[in-house]
Every structure is written in C-alpha cells, then in structure tokens.
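Taking it in order: structure first as structure tokens, then the write-up.
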Amino acid sequence: MPEKSANFWWVMRSNNPKVQWWFKLLTMGIFLGILIVWEIDSVSMGSFSRDFILLKVNSSEKFSPAFKDFIFTNIIQYYQYWVNTYQKLNQDFAGKNLAPKVKRQSINFTKNQGNTAAFGLEMVTNLSHKESASRPRVLRWISAELEANYSLNLLTNLLAPGGEPCRESRTVDVRIPALDGRDNIELSTGDIHEFVFHALDDSGKPHCLGGDYFETDIAGETWKSRPPIKDLGNGTYQFFLQVHPDFSGDYNLTIILLFRHYEGLRFWPERFAFDKVMRVIPVKFSKSSIELPEISQCKKSDLVRDVWSGRWTRHAKNDSCPISNDGRYRCQEPKFSCQKPWCDGPLGSLESNGWVYSTHCSFKMFSNEEAWNCLKDRWIFWWGDSNHCDTVRNMLNFILDVNDIKEVPRRVDLNISNPRNSSQTIRFTNIFNGHPNETDNNQGLNSLKDADYREFLKRYFSGDVVPDTIIMNSGLHDALHWSDIRCFIEGANYAASFWAEVFNGVRQRGLIPPEVIYRTTVAAGGYARILGFNPNKMEAFNGIVLDNFKAYDLVDHVIDDFDMTYPWHYDNRGNDGVHYGRAPAKLKWRDGQIGHQYFVDLMLAHVLLNALCSK
C-alpha cells in the first residue's frame, strides 16, 4: 500500500463529519504554535553566535513580548505581533554598522595557556555562562597569592640551567599579540582580562627562560593599581587587568622591564638594570552591567592574606590646593567623608587630595577619639627598619594628635598620654633592626647574630607583662647585607627560630604571646628602583620572610605595604627613595619640587589601626 505524503491541510479541507469543527480549530492552533517556536529558535540560534559576539539591542527597542493571555483567542494576534517585531529587529540590525561594536569587544588570550607559547584570541570573555545579556553578572575580584614553598622554588628557578640558545639569550623587547598594533583598545569594566606576552631577544626571537622582572601599572584619573603578573618560567608572562564599573574611563597600561633573569637579586644590581619602558598602551574601560562583590570593611580575619592586590581610588580633587607653610596639603576639609564601600570615616584627614587605598576589604579612617579608645592601655612593640620611625610619628601627629613628638628615634620606649584625656595612655616601643646598634646600617636580620642584641630584645618579653602586639618588618637593610638568596633564606629561618624561641618562653611562663602583624617592606621609589633594595629584590625578600616565619607559625596578620606603595614608586613625589612617610616640610624635595606627599605612609598608619582595632 503506497505511503501518503504528510499533508496537514487535508484536515482543514475534509468534509468528513467525524472531523469536528473544534478539532480543526485545535489542530490549527497547534500548527501555529510550532511556527512560533521555530521563529524564536531562529532568532536565538541563528546567524549570531553567542559564544563569540554579544549584540546589544538599543534599550528603546528592547524585545519584550507581552505574554498577556496565552489562549487560542490571542494566538493568531500574538503570532502576527511576533513576526512584525522580528522583521523590525532584522531591519534595525541591517541598517546599522556593527563593525565598530565588534571591534571594541574584549581581546583576550584563552585561559588554558599552560607553559606553551602558543597564542589564541577570543573576542569576548566570560560568555560561556549563556546568561541573558540583560542580567547583571556577578564576578570575582582579582587576587594574588604567595606561591607554596616560595623560598625553595625561587632558589630552584634562580639556578635553572641554560644550554639552549633561547635560554642563553637576553630579553630586549616583548610581544603582546592581543594588544600590539591595535588602536582604540576597549575593555569592559568588572571583567578580569587576562593577557599573555612573550620575551624577545635582540634578533626578535623568543627568549625561553623566565626570571625577568616587569613593572606593571594601570592608571587613570581616579584609579591606580599594579596588575598582577605571573612568570610561567619559559619566557612567557601573564598579567591581569580589572577596573571596577564605578571607575570607567581612559587609562594607560605601562609595562617596564626593570631587570632581566633575576639580576635585580644580585648583591650590587645597579649595573645590570635594564629599566626600559616596553609599552605604554591607552586602554578605555567601558562601563558594563557586571557586578563585583561589594568590598566590606576589614575584619581581623580578612588580614591573613600573604599578598594583596589592591588599588588606590580617588573620590575628590582640588586642583588649587596649595602647600601650607608647615608642608601639609589640606585639600579637603578634615571631616570630608569617605565614599563607601571604598573606605569609611574622614577621608579629608588623610591629606591625599581624595586618594585612598583598598584591597580585598576596605579600611576605616580613624578619628582621634576612635584611635585612642582602641589603643588605650595597650603596649605595641615595633621591630623593623626606619620606615617604622616615620609611621609611629605620623600615627602620633596626624591621628592621635600628639604633636610634641616630632621625631621617633630608632630605639625608644614611649609612654604616651592623650592630650585631651590624661587617663588614656599607650606604650609604643620601637626597636630598629637594620643594625645591632642604633646608629649603623645594612645588617637587617643579621642583627640577630649579635648576642647582646638578642638579649636586649628578649628583655622586653621576659617580665610579667609582655607587649600585646608586635608590628614586625624585615626591612631594606637586608638587601645590602646578604650576598645572595641562599644566604638570606638561612637568615630568615634563623630570625624565625629566634622569635619562636622568645614566644615559647612567654608561653612557658603562663602568658599569652603577642599578636604578630607582619608589614611587608616598601617598594623603593624613583632613583632607588635600580639600587640594592630595588623592588625585584624586596618583593622576593618579602616572600622569603613570610614563607619562613609562617613555617614557625609566627604570623597572625599581614599588611602588604609593598602593594600599597607600588603604584607610587615610579618617581619620588611621595617618597625619598626608601621612605614614604617623611615629615611634611615646605622645602625642596628630591625631585626638585617644593614639598612632598606623605599620605601613603599615613594610609599605612590607618591600615595598621584596622589590624589592631577590628574584631
């Protein structure tokens, strides 16, 4: 029996009384419903592939069909409405030049790079979730972390053999395929944009060994930060960009090759400095609908990360702010408030002309009363380089309103009363660790090899009362003593064992050892970027100290002053090369200008108060 071809219309033409009128009507409705599904599918999965390009329809012409009463009496009208709307969308797209919009999409490398130098481009990142373009996406903040077994891995990489020509060559340039040769680079705010670049030798061929030290900076009118960079060990490097949607605008991405193949770690590295700007790339960050988790105010539990990836944001600007006779920049009223969630409290008291630092959490700016209420009856022991002298003085002068102490010696034990309430007192003990005595330099942690110095320190922890908190730092002086990385690893391990012995002695007497806040060493600035305490070396030393001190379970909290100072280390406007908190003065500064900025160290003082006072 021959098959009949399927023909829907025989139902509608049939005069068979068995085919009732309502059956004809129902069958017609089902057929129209199938057509509607086909049309919807053609828009969703047609010529526009959502995996690669996101087309944003003008909000005034946003397709939003009115699903009023989805019953048979409305289905024909709905179908005609949908077809008309679809045709209108096609006409609108056809009449517009979409090329510029496609060109501005994020240009990133694929994420699974491994250790290969193979490059792949994708036009838009983070679209694999298949979510509706109208729904805000909630992403994560950029972050960095200290590599496990940092000291051992650094030593292993430092001693990696050459042999092959590409491993023996020297880096003189880089190739960034996703950015080189492109104009009008536009990235979305909120997203973490990942880029890969490769080191090149003087013949333009890939250099295939790691260890080059690149300085990275992303800066705009209201945002400054250090993009995290990762050395893949084969001449390939990854870096990551992210800007919050509140700070869309024009930026410059700067990449500088400061030292090649760990040469910044040499004892005298100055003659090996390369210090060449590889790229200055204008980048526009366009505001997106992406949402980032709101930054909350720091709690003690937040301050355990070994490495921070923060940013400085600006919330006010006074272009006519003159320097006062006492060298200070009072650009906003002292009670000018922070803008949440970036900070909390009187931002004007920071005297930063609107700049403030935040990281994975934000910080409170303490008033005089709040600081005293927190610190009263406490004993804070400071052990570190001479930057501690500046921070203690700035905390006293700017925050605690103790103005009769204009200089904090390298060795001092201070009992301080609140000028407004004499019943409130605090004890600050500051002990310099750059040398066993208070006048010399360039010993660092090696100071602990001096028996008299060790006994001098132990006396503060041998009585019935011991400090509540130690704010600890290894310091810049280590860079000018230890001849190589292996020796410094041994020195850091010795220092950790010494403090572990001190704390064990406290426990054996039935007392609670001090809480330890470790402050990483600053990034040396301007002219000092190529000297013995250059950022390449001090970043490595910071990692080695944390690696060894944590192995002895010494560190309770970490304050990453290296990350805080890094965006300001390219010149000497806010530092003298090695100090970020020198006292204000209306005098000629190192860079030839009158006066200097001191707010970076004052920000550190507030960050330390957050660590001391938060719950």
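The values are calculated or read from the model by the stated rules, or taken from the named source; none is laboratory data. Model, not experiment: these values are computed from the prediction. Neighbour counts are summed over all protein chains in view; Cβ atoms, including those assigned to glycine, are modelled from backbone coordinates with ideal geometry. The protein model used for the area step is the full one, side chains on, heavy atoms only, and it has no ligands, DNA or RNA in it. Shrake-Rupley method; radii C 1.70, N 1.55, O 1.52, S 1.80 Å.
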5 angstrom amide H check on Met278, placed H, neighbours 5+ away: Ile255, Ile256, Leu257
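How much area per residue is accessible in the stretch 202-244 when the probe is 1.4 Å and only protein heavy atoms are counted (Å²)?
Numbers: 1340 Å² over 43 residues.
The answer is 31 Å² per residue.
Leaving ligands, DNA and RNA out of it, report the carbon-plus-sulfur percent of the accessible area of the stretch 457-615 at a 1.4 Å probe.
The C+S portion of the solvent-accessible surface of the stretch 457-615 is 51 percent.
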Residue (of Asn542, Asn473, Ile594) at the positive-pole extreme of the stretch 472-615, dipole from beta-carbon charges: Ile594
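Do the alpha carbons of any pairs in Lys224/Lys588; Lys205/Lys287; Lys299/Lys550; Lys537/Lys588; Lys230/Lys588; Lys276/Lys335 sit beyond 32 Å of each other, and which pairs? Walk me through the intermediate numbers first.
Details: Lys224/Lys588 26 Å; Lys205/Lys287 38 Å; Lys299/Lys550 20 Å; Lys537/Lys588 30 Å; Lys230/Lys588 39 Å; Lys276/Lys335 42 Å.
Too far apart for the 32 Å limit: Lys205/Lys287; Lys230/Lys588; Lys276/Lys335.
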Assigned charges on the beta-carbon of Lys, Arg, Asp, Glu; the stretch 432-571 dipole about Cα centre (debye): 220 debye
Estimated inter-spin distance, Ile290 and Asn442, nm [label 7 Å along Cα→Cβ]: 4.8 nm
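Could you report the stretch 385-475's accessible area per residue, 1.4 Å probe, as an integer in Å²?
Details: 3690 Å² over 91 residues.
On a per-residue basis, 41 Å².
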Equivalent ellipsoid, the stretch 368-423 (semi-axes from 5 times Cα gyration tensor eigenvalues, Å): 19, 12, 10
With every protein chain in place, the stretch 245-379: carbon and sulfur % of accessible area (1.4 Å): 48 percent
Furthest towards positive pole of dipole, Ser497, Tyr552, Gly581, structure part the stretch 426-585, Cβ charges: Gly581
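What part of the accessible area of the stretch 142-224, given as a whole %, is carbon or sulfur when the probe is 1.4 angstrom?
Values: 1770 of 3640 Å².
So the carbon and sulfur contribution to the accessible surface is 49 percent.
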Magnitude of the charge dipole, the stretch 282-436, Cβ model with Lys/Arg +1 and Asp/Glu -1, debye to 20: 240 debye
Inter-label distance, nm, simple model (7 Å from Cα along the C-beta direction), Glu333/Ile594: 2.8 nm
Cα centroid of the stretch 478-551 to Cα centroid of the stretch 209-284, whole Å: 25 Å
Given charges at beta-carbon only (K, R positive; D, E negative), |dipole| of the stretch 220-267 in Debye: 280 debye
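Place the peptides 336-342, 517-523, 556-562, 202-208 in order of packing, highest mean first, counting for every residue the other Cβ atoms within 10 Å and averaging per peptide. Could you put the intermediate results ahead of the total?
Numbers: 336-342: 16.7, 517-523: 26.9, 556-562: 22.0, 202-208: 14.1.
Peptide ranking by packing, descending: 517-523, 556-562, 336-342, 202-208.
Measuring with a 1.4 Å probe in the full set of protein chains, what accessible area per residue, in whole Å², belongs to the stretch 519-615? Don't skip to the end; give the middle numbers.
Numbers: 2650 Å² over 97 residues.
Accessible surface, normalised per residue, equals 27 Å².
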